[in-house]
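What follows draws every value from the coordinates through simple rules; no lab data is involved. These figures come from a predicted structure and were not determined experimentally. Because the Cβ atoms are built from the backbone with ideal geometry, glycine has one as well, and the counts that use them run over all protein chains shown.
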């Protein structure tokens with residue numbers, strides 16, 4: 001497992017280096033977030049047992065990145081988003097490395113393979129946490145599930161909407177819900193696509209600002225200006241404390257193909273793989 005993570009981290013690191021260059025060349029804001037930000041602060045890079053990398057962009061910068069990605073990313077990478085794949089269903093985008101594979105079990109007998117990737121989450125302006133925010137998140141999540149169901153052989157009548165309405169239409173509605181016009185003058189960012197509770201992911205815009213450079217592996221990348229407050233909001237005041245070993249987990253990798261052609265298969269494909277911290 002350590003060989004897998006070391007090799008995977010190298011591939012992912014190359015992707016974030018490319019994203020960083022595209023953003024810097026085009027004046028786009030982005031921030032390390034979630035477990036990636038925690039890894040930067042607590043470990044100086046990847047959390048040793050983690051197998052992904054997350055960044056976030058204010059919605060306006062996110063939209064600009066989507067528009068220029070095909071031109072700016074280069075031949076080694078591609079963007080996965082509704083504009084590049086009409087069957088795409090997630091509320092956030094992925095930049096993937098070409099000629100790689102990262103097969104995940106999504107449940108219900110469904111699998112994804114976007115290639116080795118970096119996730120990019122849009123940050124939407126809101127008026128702060130309230131019941132409406134929870135409602136908007138719930139709607140956007142249900143629409144994401146509906147889009148996901150189009151990839152599966154679902155015959156349940158309650159999922160009929162997923163079979164009738166095209167994914168681009170559902171995706172447009174989901175984005176409109178997250179970008180509610182009533183929040184345009186708000187002073188908070190909310191990350192509706194995050195796995196963490198929306199209350200934890202609704203924070204003052206001032207905590208992000210223009211960002212600051214922070215060490216991550218061998219380079220420096222953009223992080224929220226008040227990254228300590230961001231981490232405390234998501235993980236609590238003891239975020240520097242290591243979790244129990246049985247809580248250190250990866251995604252659901254079934255098969256990973258690296259850019260050099262090496263293939264790694266996993267013996268427990270239907271369960272998250274537990275990885276001990278050997279560093």
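Inter-label distance, residue 240 to residue 106: 4.0 nm, where each label sits 7 Å from its Cα along the C-beta direction.
For every helix of n ≥ 4 consecutive DSSP H residues, a contribution of -39,500 (n - 2.57) applies; sum these over the chain, divide by its total residues, and give [θ] at 222 nm rounded to the nearest 500 deg cm²/dmol.
On the way: 7 runs with 94 residues, N = 279.
The helix contribution divided over the chain gives -11000 deg cm²/dmol.
For region 6-48, the residues whose amide N sits under 17 Å from a probe point set 7 Å from the Cα of residue 212 along the beta carbon direction are 30-34, 37-45.
Computed as a quarter of the hull surface, the mean projected area of the alpha carbon convex hull for region 166-265 stands at 10.8 nm².
Counting DSSP beta bridges in the chain, what percent are antiparallel, to the nearest 5?
Numbers: 33 of 38 bridges.
That works out to approximately 85 percent antiparallel.
Looking at region 55-143, the DSSP beta bridges with both ends there are about 75 percent antiparallel.
Look at the alpha carbon pairs under 8 Å that are at least 6 residues apart: their mean separation over the length of the chain gives a relative contact order of 22 percent. Springs between alpha-carbon pairs under 10 angstrom, Gaussian network model over the chain: which of 30, 188, 196 fluctuates most? Per the Cα network of the chain with a 10 Å cutoff, 196 tops the list. Residue exposure proxy: 118, 177, ordered by other Cβ atoms within 10 angstrom of their Cβ from fewest to most, comes out as 177, 118.
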